[in-house]
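Student: I'd like to ask you about the structure that follows.
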Amino acid sequence: MSRASHKTSAWPLGGMYVVLVVYASLYPFDGWRDQGPLPLGFLLAPWPQYWTAFDLWANVLGYAPLGFLLALGALRTRPGEGVVGWSGWAVGGATLAGCLLSLTLEAMQAYLPLRVASNVDWVLNTGGAWLGALAAALLERLGALDRWGRFRSRWFVSEARGALVLLALWPCALLAPTAVPLGLGQVYEQTESGLRSLLEGTPWLGWLPPLPMVGPSVLSPGLGVAPLAPLMVWACVVLGVLIPCLLGYCVIRAYARRAVFVLVLLSAAVGANLLSAAMSYSPAHAWTWLNTPVQAGLVVALVLALLLLRVPVRLAAALLLVLLGVFLSLINQAPTGPYYAHNLQVWEQGRFIRFHGVTLWLGRLWPYAVLAYVLARVWRERRERQEPQSGAA
């Protein structure tokens, strides 16, 4: 029986995961120098005498999603006969890709003073990619991927890949510490600080707004600014929930399924914030973020999301663009403060998340990626509507 090719989200997700692995493997990106040994000399080095179970599992599990996504993409896009035979090629290709990526990154680590190339890491990374690819092939043989395809065709519109990728990344973005719960997209202070460093010693430095002042001294950005009012925190939480809800409404048409989606989304938001707080502070303080304004914001967001269940797709996209503008304006006025800076330091130096700032960048850029996606989707749909009219004319 022939197998038609499928459009799958596995390829864009796999590409994003490759970027994440490269970032995690080479961070920090400074101090590059030739340290003497050949780049591949670590392959012949004796195996280390000491290692931890966490390091072993981290190296295996770190590459398992990569192998899974690459094999899944190959399995979902392969046309023609011989599905079983192609599964072997898909597993082998995904494993080889993971092996070569790990080998390249380990060799590049030989030029970084804060990194140590390891043959054990390379073997474990390759094994993780193989396990992930094997899991994808097994799910294919069991028919789970076809069932997912039927589920996706029932729940979502045909061109839903971009939205599904963004929605899958949203809980991951929430793991990074934020100045306001659900407050993704805060880039103003980081951008201003970068501009100040870039323009230091030039006359254009005076073009930037003055730093906040408390008494006679100039403080770091955010430290001299009054904390965000509870009403503004409430508004940010409401908008922070409604934005992914409306993004889902753009690709989900059935009202009942939209309601289920909202409940799943809220559960993911609460779970991600609990996990983030537990890793930033401790499990005993996992609920500290859920204060009165946040609770009220979650309740109001749930009510509004349910009231908007019947909104048409085009109106959902228009509302999403408007709310994104308001949300980004509010969140970039929120001061960071010393506790936020401390949380960032704890997060970046912690052992739970080894991706060294990837989640931070994801949290900062996610709303802007949504903005770009919705604008591109609106532009494409408008062009498709205009083409039949121009042909008829």
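Student: Does at least one position in the range 276-295 carry a residue that is over 19 Å from Phe156 (Cα atoms), in a loop (DSSP other than H, G, I, E, B), out of contact with any helix residue (DSSP H, G or I) (no Cβ under 8 Å at 6 or more places or on another chain) and among the aliphatic types (A, V, I, L, M)?
Tutor: no
Student: Where residues in the range 345-359 are modelled with pLDDT of 55 or more and surrounded by 15 or more Cβ atoms within 10 Å (Cβ to Cβ), which of them is nearest to Gly183 (Cα to Cα)?
Tutor: If we take residues in the range 345-359 being modelled with pLDDT of 55 or more and surrounded by 15 or more Cβ atoms within 10 Å (Cβ to Cβ), then Thr359 is nearest to Gly183 (Cα to Cα).
Student: Residue under question is Val91, and the condition is that it be in the same structural domain as Pro113 (by TED's automatic domain parsing), modelled with pLDDT of 85 or more, assigned to a helix (DSSP H, G or I) and farther than 18 Å from Trp130 by Cβ; does it hold?
Tutor: When the stated conditions are applied, Val91 does not pass them.
Student: Something else now. Conditions: (1) buried (at least 16 other Cβ atoms within 10 Å of the Cβ); (2) closer than 30 Å to Thr292 by Cβ; (3) modelled with pLDDT under 80. Ser220 meets all but one. Number of the miss?
Tutor: Tallying (1) buried (at least 16 other Cβ atoms within 10 Å of the Cβ); (2) closer than 30 Å to Thr292 by Cβ; (3) modelled with pLDDT under 80, Ser220 fails exactly one: (1).
Student: What about Gly93, is it under 21 Å from the mean Cα position of the chain (by Cα) and either closer than 30 Å to Thr292 by Cα or surrounded by 15 or more Cβ atoms within 10 Å (Cβ to Cβ) (or both)?
Tutor: no
Student: In the set Val238, Val251, which member is in a loop (DSSP other than H, G, I, E, B), in contact with a helix residue (DSSP H, G or I) (Cβ under 9 Å, 6 or more places away or on another chain) and aliphatic (A, V, I, L, M)?
Tutor: Of the residues listed, the single one that is in a loop (DSSP other than H, G, I, E, B), in contact with a helix residue (DSSP H, G or I) (Cβ under 9 Å, 6 or more places away or on another chain) and aliphatic (A, V, I, L, M) is Val251.
Student: Could you tell me whether the range 128-151 includes any residue that is aromatic (Phe, Trp, Tyr) and either free of Cβ contacts under 8 Å to residues at least 60 places away in the same chain or within 30 Å of Val374 (Cα to Cα) (or both)?
Tutor: Looking for residues that are aromatic (Phe, Trp, Tyr) and either free of Cβ contacts under 8 Å to residues at least 60 places away in the same chain or within 30 Å of Val374 (Cα to Cα) (or both), one finds at least one in the range 128-151, hence yes.
Student: Looking only at the range 195-210, filter to residues that are assigned to a loop (DSSP other than H, G, I, E, B) and not charged (D, E, K, R); which one of those is modelled with the highest pLDDT?
Tutor: Of everything passing the filter in the range 195-210, Thr202 is modelled with the highest pLDDT.
Student: So, one more: What number of residues within the range 141-169 are assigned to a loop (DSSP other than H, G, I, E, B), surrounded by 13 or more Cβ atoms within 10 Å (Cβ to Cβ) and aliphatic (A, V, I, L, M)?
Tutor: Result for the range 141-169: 2.
Student: Shifting gears a bit: Filter the range 281-317 for residues that are of a type in the set (Gly, Ala, Ser) and exposed (fewer than 15 other Cβ atoms within 10 Å of the Cβ) and give the result.
Tutor: Ser282, Ala284
Student: Taking the stated definitions as given, is Leu199 more than 30 Å from Gly240 (Cβ to Cβ), assigned by TED's automatic domain parsing to the domain that holds Trp289, without any contact (Cβ under 8 Å) to a residue 40 or more places away in the chain and touching a Leu at 6+ places or on another chain (Cβ under 7 Å)?
Tutor: Against the criterion (more than 30 Å from Gly240 (Cβ to Cβ), assigned by TED's automatic domain parsing to the domain that holds Trp289, without any contact (Cβ under 8 Å) to a residue 40 or more places away in the chain and touching a Leu at 6+ places or on another chain (Cβ under 7 Å)), Leu199 qualifies.
Student: For Tyr368, are the conditions met, namely being of a type in the set (Ser, Thr, Tyr) and at pLDDT below 85?
Tutor: Criteria not met by Tyr368.
Student: For the condition touching a residue at least 24 places away in the same chain (Cβ under 8 Å) and surrounded by 17 or more Cβ atoms within 10 Å (Cβ to Cβ), what is the one hit in Tyr249, Tyr255?
Tutor: Tyr249
The values are calculated or read from the model by the stated rules, or taken from the named source; none is laboratory data. Since this is a predicted model, take the numbers as computed values, not measurements. Cβ coordinates were reconstructed from backbone atoms using ideal geometry, including for glycine residues, and neighbour counts include every protein chain displayed.
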